[in-house]
Amino acid sequence: MENKCNVCDERYTRLNEKIDDNKGRINNHSTRIDKLEQSFSAMDVRLDNLIKQLESLTNVLRLVSFSLFGTVAAYIIQNFIFK
């Protein structure tokens, strides 16, 4: 009978160790998930800023291309049409 009690106590001890180990893992994962969420928030802000900069650059490139087109059109009109 005492042998069975020792076996039960050993199993109980091992189960408690496994439970404690799993609690530690869960807490570790929770901490890692929190860090990932913070990183994603920072990445969202950076991505939003990048999108705004790309929109601004696109507008500038449109302006430059229209200006270049106007300049080339004026050159062609002055030199080839009204000659």
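Please give the charge dipole size of the chain, origin at the Cα centre, charges +1 on K and R Cβ atoms and -1 on D and E Cβ atoms. Round to the nearest 20 debye.
On the way: 12 positive and 11 negative charges, 106 e Å.
Roughly 520 debye, rounded to the nearest 20.
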Exercise. With each pseudo-label sitting 7 Å past Cα toward Cβ, what's the D34-F66 distance in nm, one decimal?
Worked result: 5.1
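Kindly identify the chain as rounded, prolate or oblate by the Cα gyration tensor criterion: order the square roots of the eigenvalues as a ≥ b ≥ c, call it rounded if a/c is under 1.5, otherwise compare a/b with b/c, prolate if a/b is larger, else oblate. Please report the intermediate quantities before stating the final value.
On the way: a/c = 19.66, a/b = 7.41, b/c = 2.65.
It comes out prolate by the Cα gyration axes.
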For this session: Return the whole-Å distance between the Cα centroid of region 52-72 and the Cα centroid of region 1-49.
Result: 54
For this session: Could you pull out the chymotrypsin sites (Phe, Trp or Tyr not before Pro) across region 24-83 that fall in loop regions by DSSP (anything but H, G, I, E, B) with no more than 11 other Cβ atoms inside 10 Å?
Result: F82
Problem set entry | Positive-end extreme of charge dipole, the chain - chosen from S67, I19, L57 (charges on Cβ) | S67
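The numbers here are math on the coordinates, done by the rules we state, and not lab data. Being a predicted model, the structure only gives us computed values, none of them experimental. Cβ sites come from the backbone with ideal geometry, for glycine too, and all protein chains shown count toward neighbours.
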